[in-house]
Amino acid sequence: MDFTVSEKMKTILGMIREFVDKELIPLEPEFLKKSMKEMEPVIEEKRRMVREMELWAPLHPEELGGMGLSLTEYALVAEALGYTWLGLYVFGCQAPDAGNIEILHKYGEPWQKERWLKPLVDGRIRSCFSMTEVDLPGSNPTWMETTAVKDGNEWVINGHKWFTSSADGAEVAIVMAVTNPGAGPYLQASMILVPTNTPGFNLVRNVPVMGHTGDQWHSHAEILYQNCRVPVENLLGPEGHGFVIAQDRLGPGRIHHAMRWIGIANRCFDLMCARALTRPITPDKHLADMQITRTWIAECAAEIQAARLMILHAAWTIETKGVKEAREEVSLIKFYTAGVLQRVMDKALQVHGGLGMTDDTPIASFFRGERAARIYDGADEVHKLSVAKRILREYQGRRIR
Ligand SMILES: Cc1cc2nc3c(=O)[nH]c(=O)nc-3n(C[C@H](O)[C@H](O)[C@H](O)COP(=O)(O)OP(=O)(O)OC[C@H]3O[C@@H](n4cnc5c(N)ncnc54)[C@H](O)[C@@H]3O)c2cc1C
């Protein structure tokens, strides 16, 4: 694998870093105090500037109005944008829209693309992905109670979901529901496009996450689907192929998340080093003079570097060999990077002492928002189990001396 960054990418990354520094980091104190609704005008202004710079939607195909970067190129962008909370959102590449755009592009019917894909890429509407259920384990997603039953020309959806991120104010939800209960476990569920103004789509609440309820894009909703009827044409992809399509969404999606986490880790690391150098601990010594602080800095630097290279390797594997061949690499980076992020955030917070617990730096908000990295898109334990299972399979019957 060649790690050289092309001249084109150097220019793009330089522009993005400058924009993040000048336009987005100064917005953070306001972002941490206000709702997304209140932030909307200023965010729209920044999005306009990004479009003018021709940096809008870096990961989406050119024919849809994006920049058409490759996965490894976009990984570098996600790292630069992850440095601040609003980065991905202002550049039009935020989850869950990014993943939904990918599957709509690949599996959507022409009319579905016309109605939802183009406005999503343009940033005119938002979407959400509604899979995890309240009463059943998200870690075992084939076990699902939400059903979609055909009644004439309509699907009738019933179920109780939660953690449907960004449902508040979204135009459309991609809902996973059991349509073929008699089929094998991986062929029972389908994806169905549900406009959020459909009767029976009931957003119960935005679920508070570590004290933060949020709104709009920055929220996680509990949703009751109660006899929610949509036309049969709203099926996305073939019937019973929900999990097949979900696999497509999750491979590259985990690269996007993991590189964004590296961006957050970089930010916390920078803040930690700056604080260590300037915080006196005795009249003639700073935190940076303490051996323990230096050890933490070195350990964090090594962990960030290791995770970053693993992610770039996983992205390269997806690009060169496909999502299926990269399954192990993707699982490795999912739990490893989430762990690195948590350890780096924790050390950075510790170095800041009481200040680290406040919202006067972004560290506490990153901690609050990203503890979940070890849970969403597959909990650590699930990824570790599947990696170990595959590794052990290779050792079966082998004589090791
Ligand atoms: C901030 C956030 C955003 C999210 N966004 C979305 C979204 O947009 N759409 C959506 O559909 N879902 C979303 N989710 C849900 C997420 O995908 C699930 O929380 C995740 O899949 C885990 O499912 P669960 O919460 O039901 O935990 P459970 O499945 O109940 O698991 C609980 C814990 O058990 C352990 N565990 C599970 N399986 C095993 C095993 N086999 N062996 C050993 N230990 C195990 C793990 O430690 C796990 O954390 C989000 C979650 C969070 C926290």
message = What's the magnitude of the charge dipole for the chain around its Cα centre, counting Lys and Arg as +1 and Asp and Glu as -1 at the beta-carbon? Answer in Debye, nearest 20.
response = 1140
inquiry  = Just want the answer: with Cβ charges of +1 for Lys and Arg and -1 for Asp and Glu, which residue in L13, T72, I25 is farthest toward the dipole's positive end in the stretch 7-100?
reply    = I25
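Under the rule that an exposed site lies in a DSSP loop and has at most 14 other Cβ atoms within 10 Å, name the longest stretch of the chain with no GluC sites (Glu not before Pro) of that kind, not counting the sites themselves. Intermediate results must be reported in sequence, preceding the final value.
On the way: sites that count: E54, E145, E325.
Longest run free of exposed loop sites: 146-324.
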key: Whole-Hz ³J(HN,Hα) from phi, Karplus 6.51 cos²θ - 1.76 cosθ + 1.60, for the stretch 153-168, glycine and proline x   = 8, 10, 8, 10, 9, 9, x, 10, 10, 8, 6, 7, 4, 6, 5, 4
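What's the whole-number percent of alpha carbon pairs in the chain lying beyond 34 angstrom? It would help to have the intermediate numbers written out before the result.
Working: 24816 of 80200 pairs.
Beyond 34 Å sits 31 percent of the P(r) for the chain.
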ask   = Can you give the extra length, in nm with one decimal, that the chain gains between R368 and H212 once fully stretched, where that is 0.36 nm per residue apart less the Cα-Cα distance?
value = 55.3 nm
ask   = Given labels modelled 7 Å from the Cα in the Cβ direction, how far is it in nm from E28 to M49?
value = 1.6
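Based on alpha-carbon positions alone, could you give the equivalent ellipsoid semi-axes of the stretch 243-395 from the gyration tensor, as √(5λ), descending, whole Å? Show your work: numbers first, answer last.
Details: eigenvalues 235, 46, 31 Å².
After scaling each eigenvalue by five and taking roots: 34, 15, 13 Å.
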remark   = For the chain, whose charge dipole is built from +1 on Lys and Arg Cβ atoms and -1 on Asp and Glu Cβ atoms, the candidate among I400, F243, P137 with its Cα farthest towards the positive end is I400
Built amide H within the under 5 Å cut-off of I281, gap 5+ = H286, L287
The stretch 243-395 - charge dipole about Cα centre, Lys and Arg +1 at Cβ, Asp and Glu -1, debye rounded to 20 = 260
ask   = Mean separation of Cα pairs under 8 Å and 6+ residues apart, divided by the residue count of the stretch 60-197: what relative contact order is that in percent?
value = 19
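How long are the semi-axes of the ellipsoid equivalent to the stretch 78-141, from square roots of 5 times the Cα gyration tensor eigenvalues, in whole Å, largest first? Don't skip to the answer; put the middle values down first.
Values: eigenvalues 97, 85, 18 Å².
In descending order the semi-axes read 22, 21, 9 Å.
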request  = Measure nothing but the geometry: give the 0 to 90° angle between the long axis through the Cα atoms of 380-395 and the longest principal axis through the Cα atoms of the chain, rounded to 10°.
outcome  = 80
note = the stretch 325-357 scanned against label point 7 Å out from A306 along Cα→C-beta; backbone N under 17 Å for 329-347
ask   = Per residue of the chain, what 222 nm ellipticity follows from adding -39500 (n - 2.57) for every DSSP H run with n ≥ 4, rounded to the nearest 500?
value = -15500 deg cm²/dmol
request  = May I ask you to list the trypsin sites (Lys or Arg not before Pro) in the stretch 110-154 that are in a DSSP loop and have at most 11 other Cβ atoms within 10 Å of their Cβ?
outcome  = R124
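Counting Lys +1, Arg +1, Asp -1, Glu -1, what net charge surrounds L86 among other residues with beta carbon under 11 Å of its beta carbon? Walk me through the numbers on the way to the answer.
Details: positive: K46, R47; negative: E23, E28, E30.
That works out to -1.
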In degrees, nearest ten, helix 327-351 long axis to first principal axis of the chain (Cα) = 40
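Values quoted throughout were computed directly from the atomic coordinates according to the rules given, and no laboratory measurement underlies them. Keep in mind that what you see is a predicted model, and the values were worked out from it rather than measured. Virtual Cβ from ideal backbone geometry, glycine too; neighbours counted across all protein chains shown.
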